[in-house]
Amino acid sequence: MKADKAAPLTLARRQRAWYRLHLGRLLLESECTLLGEVLPNLFGYHLIQVGRLADADLLSTSRIGHRVVLDADVELNNPPPNLYARPDTLPINSDSVDVLVLPHTLEFEADPHEVLREAERVLIAEGSIVILGFNPWSLWGLWRLFLWRTRIPPWCGRFMSLTRIRDWLALLGFDEVQVVPYFFRPPLHHLGVMEKLKVMERLGARWWPKLAGAYILVAKKRMATLTPIKPRWRRQRSLVNAGMAEPTARNMRRDA
């Protein structure tokens with residue numbers, strides 16, 4: 001039982017190590033650029049990132065003041081998460097989060113649907129979820145067919161198609177807002193070759209968007225009832241019940 005619990009932590013560290021390699025850094029640059037275009041358009045009081053990619057600050061372009069990074073792993077040589085918890089059991093109040101970011105979180109969870117159910121629970125009505133995922137119907141997906149036994153991220157993860165993610169989100173009461181496919185080059189580590197293939201990014205976005213190596217999806221949680229919307233100037237919501245024990249946290253910033 002102890003070995004089963006330790007395995008995801010080891011995988012998370014291998015995943016962050018992969019993002020420090022040439023290919024990982026190229027992908028991370030693209031993802032930071034895309035999040036820089038998406039996050040400034042999402043507003044609210046509380047923003048949660050579930051999982052970490054290397055040491056990059058994925059939330060820096062958001063206008064939301066209270067940002068929390070949640071992770072199930074603490075690595076001594078890396079900045080610790082603000083909140084230590086698993087993605088499928090969030091120690092956060094229901095209907096309290098405005099924006100939730102899942103950076104390749106679903107691919108490496110045993111029950112990705114449960115992670116999405118938790119996301120639906122903690123998000124407010126009209127709250128937004130931002131999902132970064134790898135596309136199985138791409139050159140990246142083809143690479144995975146040969147490398148998934150190596151236990152090296154991202155190839156050991158379960159790539160999920162946009163169709164499956166859309167179906168799950170629809171069942172949970174989300175409306176799709178935006179989908180952007182990205183990274184059309186093959187997953188090669190040679191920087192010189194990858195630089196020469198840069199033209200594939202422009203051509204792929206125009207001619208074969210469904211074959212992108214990855215995608216970013218933004219969806220909004222539907223209003224469950226016709227309850228009138230309260231004014232936004234009310235006192236801010238609390239992420240944790242006052243009567244409950246505080247979760248293990250470090251440097252959690254709180255707005256008033």
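Key figures
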quantity	calculated
Filter result (small (Gly, Ala, Ser) and within 30 Å of Gly127 (Cβ to Cβ)) within the range 158-192	Ser161, Ala170, Gly173
Thr150 being under 18 Å from Leu34 (Cβ atoms), out of contact with any Ser or Thr (no Cβ under 8 Å at 6 or more places or on another chain) and surrounded by fewer than 17 Cβ atoms within 10 Å (Cβ to Cβ)	no
Residue that is under 18 Å from Glu176 (Cβ atoms) and touching a residue at least 24 places away in the same chain (Cβ under 8 Å), where the choices are Val97, Val101, Val122	Val101
Yes/no for Ile64 being hydrophobic (A, V, I, L, M, F, W, C), more than 18 Å from Val179 (Cβ to Cβ) and touching a His at 6+ places or on another chain (Cβ under 8 Å)	yes
Any chance Ala214 is in contact with a His (Cβ under 9 Å, 6 or more places away or on another chain) and at pLDDT 95 or above	yes
Matching residues, the range 171-185, being under 30 Å from Arg222 (Cβ atoms) and under 18 Å from the mean Cα position of the chain (by Cα)	Leu172, Phe174, Asp175, Glu176, Val177, Gln178, Val179, Val180, Pro181, Tyr182
Matching residues, the range 1-53, being basic (Lys, Arg) and either in contact with a helix residue (DSSP H, G or I) (Cβ under 6 Å, 6 or more places away or on another chain) or modelled with pLDDT under 90 (or both)	Lys2, Lys5, Arg13, Arg14, Arg16, Arg20, Arg52
Close pairs from the range 193-214: first closer than 18 Å to Leu142 by Cα, partner assigned to a loop (DSSP other than H, G, I, E, B) and among the hydroxyl-bearing types (Ser, Thr, Tyr), Cβ under 9 Å, at least 6 apart	Lys210/Ser138; Leu211/Ser138; Ala212/Ser138; Gly213/Ser138; Ala214/Ser138
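Residue-by-condition table, conditions (1) modelled with pLDDT of 95 or more; (2) of a type in the set (Phe, Trp, Tyr); (3) in contact with a strand residue (DSSP E or B) (Cβ under 9 Å, 6 or more places away or on another chain); (4) buried (at least 22 other Cβ atoms within 10 Å of the Cβ):
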{"site": "Gly65", "(1), (2), (3), (4)": "no, no, yes, no"}
{"site": "Asn77", "(1), (2), (3), (4)": "no, no, no, no"}
{"site": "Leu83", "(1), (2), (3), (4)": "no, no, yes, yes"}
{"site": "Leu90", "(1), (2), (3), (4)": "no, no, yes, yes"}
{"site": "Phe108", "(1), (2), (3), (4)": "no, yes, no, no"}
{"site": "Ile124", "(1), (2), (3), (4)": "yes, no, yes, no"}
{"site": "Leu142", "(1), (2), (3), (4)": "no, no, no, no"}
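The values are calculated or read from the model by the stated rules, or taken from the named source; none is laboratory data. Just so it is clear, the structure is predicted and the values come from calculations on it, not from any experiment. Heads up, the Cβs are rebuilt from the backbone with ideal geometry, glycines too, and the neighbour counts pull from every protein chain shown.
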